[in-house]
Amino acid sequence: MSDLPYRLNVGAAVFNQQGLVFVGRRADLGDRPGAWQMPQGGIDAGEDPATAVLRELAEETGITNVEILAEHPDWIDYDLPPELIGAVLGGRYRGQRQRWFALRFLGEDSDIDLNAHSHPEFIDWRWVKLADVPGLGVPFKHATYARLVADFASFAA
């Protein structure tokens, strides 16, 4: 596993006017535990992370009316559990190296469109307290989300 590289990725902590954060229920996990996550996605070759996060957010959620509040200063890595190596991320990566952004949602809930892309990532969504996010996701992302709870707390309710 350590011979495989990390996939470059961006993540979006989207805060509404009440300081709650957007989470979506992954289509591929359905009702299973850990199915909720914040939007994230790959960085295309030569793409700037800030451009990538706005593109990925629009593709996964239809959200385009946002302002970037902060870019996390560090790349945050997570490793896939051994049983997922070779089975996800095209089988070419050990995990993801992510650049996270805090964004303020300036639109209305009716602007959110999980079918904005031809292959929807999410089947449901909701606003939650940032502190609740680590317990909603898959276990191998808990440490990443716990770090974001601490580092993006100033944007939360």
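Values quoted throughout were computed directly from the atomic coordinates according to the rules given, and no laboratory measurement underlies them. Because the structure is predicted, anything quoted here is derived from the model rather than measured. In this analysis, Cβ positions are derived from the backbone assuming ideal geometry, glycine residues included, and neighbour counts consider all displayed protein chains.
List of remarks:
- Stokes-Einstein diffusion for segment 6-155, with the hydrodynamic radius set to the Kirkwood value over Cα pairs and evaluated at 37 °C in a medium of 0.692 mPa s, equals 213 µm²/s.
- At full extension, ILE68 and ASP124 could sit 17.8 nm farther apart than now, given 0.36 nm per residue minus the alpha carbon distance.
- Listed by Cβ neighbour count within 10 Å, with the fewest neighbours leading, GLU47, GLU59 appear as GLU47, GLU59.
- Helical mean residue ellipticity (222 nm; -39500 (n - 2.57) per DSSP H run of 4+; nearest 500) of the chain: -4500 deg cm²/dmol
- Phi-derived couplings, Karplus 6.51 cos²θ - 1.76 cosθ + 1.60 at θ = phi - 60°, listed residue by residue for segment 47-57: 8, 6, x, 5, 5, 4, 5, 5, 5, 4, 4 Hz, with x used for Gly and Pro.
- Subtracting the Cα-Cα distance of GLN18 and LEU4 from 0.36 nm times their residue separation leaves 1.0 nm of extension gain.
- Interchain or long-range residues, amide H under 5 Å from HIS72's placed H: TRP100, PHE101, ALA102
- Local electrostatic count at ASN16 - Lys and Arg +1, Asp and Glu -1, tallied over other residues with Cβ under 12 Å: 0
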